[in-house]
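What follows is a short report on a single structure.
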Amino acid sequence: MTYSQFHRYRHTQSLRDLFQEKTLTVNDVILPIFIHESLTQKKEIASLPGMFQWSLADLSDEIKSAVDLGIKAVILFGIPSKKDDIGSEADNPNGIIQKAITLIKSIAPHLVVIADTCLCEYTSHGHCGIQKDGHLDNPKTLTRLASIAVSYANAGADMIAPSGMMDGMVLAIREALDHHHYHRVSIMSYSVKYASGLYGPFRDAAGSGDNFKGNRNHHQMNITQSREAILEAEADIQEGADIIMVKPAGTYLDIICKLRDRFNHPIAAYQVSGEYSMLKAAVKAGILDEEKAMIESLAAIKRAGADLIITYYAKQLAKYLSPTLQT
Ligand SMILES: [Zn+2]
């Protein structure tokens, strides 16, 4: 007997292509977009290099560029000009996200528009839910989330993505959508969202950290939990989630893998701001090759079992895959 010859699978590029188990495509990624109601022109987000807060006036540039690159879906985050205790602007029919959805659908009707649905960008206190005596009022928050989801569906959203880890949020939103005959609007639930330390740059981008005091440990998952992830995903599926999500992605590949083995629903994973910004910082410092690091980070998420990846690298990946596109 001789030793195994694994090099037979990989000693030429053609062989490597032939035996490749997973292939990243532009269909795998969802582009996050931040839209700021008070801006008159786009503004770069310092902690998230290459990403911008968009004004409504120049949002169409970003949408056209994404469509030209072949991107199929965007997820929207709004930053309102006014905030209050209950996040009234979130379901204002003339709110920033409602206007953005209408605009996007008018210029790119086939682009899948996903509306992130939470209160933290809209409340003056920055919490993800309605507060009562210093605590989260879960039932009142569900009523608000249901109303916001219907408002986004009215504007033309294809998918609602509740991100606040409220108990019962999927059921409340599904019932409200069905009640308003939005049977075709789907729900991508942030089912397994950890109380991670990797969200810092996002809070700059979404303005959800401005006046925030406290923490989100009361509703987001403890970073050490694994079995609880299954319970959370199971509950969301029972409540009517069409897609379950794990967030963050890179530090929770074991969780993606576990859910993949257990459930047949599509799984999304969010490569969060901290994951992206760490890579960008290492590239800037000359420590990493950006293309290799980007591909490896995304391929790992897909290999673990994710069908969809929300990533700030969406456009960069699309350009890498189709170098002739110069948008
Ligand atoms: Zn939130």
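Only the coordinates and a few stated rules stand behind these numbers; no lab work does. These numbers were taken from a predicted model, which means no experiment stands behind them. Because the Cβ atoms are built from the backbone with ideal geometry, glycine has one as well, and the counts that use them run over all protein chains shown.
Observations on the model:
- Put the Cα centre of the stretch 184-239 next to the Cα centre of the stretch 86-108 and the gap is 23 Å.
- Listed peptides 306-318, 131-143 by packing density, highest first (mean Cβ within 10 Å): 306-318, 131-143
- Highest to lowest packing among 38-46, 169-177, scored as the average C-beta count within 10 Å: 169-177, 38-46
- Only Lys, Arg, Asp and Glu carry charge here, each on its Cβ (+1 for the first two, -1 for the last two); on that basis the stretch 23-321 has a dipole of about 320 debye about its Cα centre.
- In range of the label at SER106: residues from the stretch 158-199 whose backbone nitrogen is under 19 Å from the point 7 Å along Cα→Cβ: 158
- Full-stretch length increase - SER4, LYS213 - with 0.36 nm per residue and alpha-carbon distance subtracted: 69.4 nm
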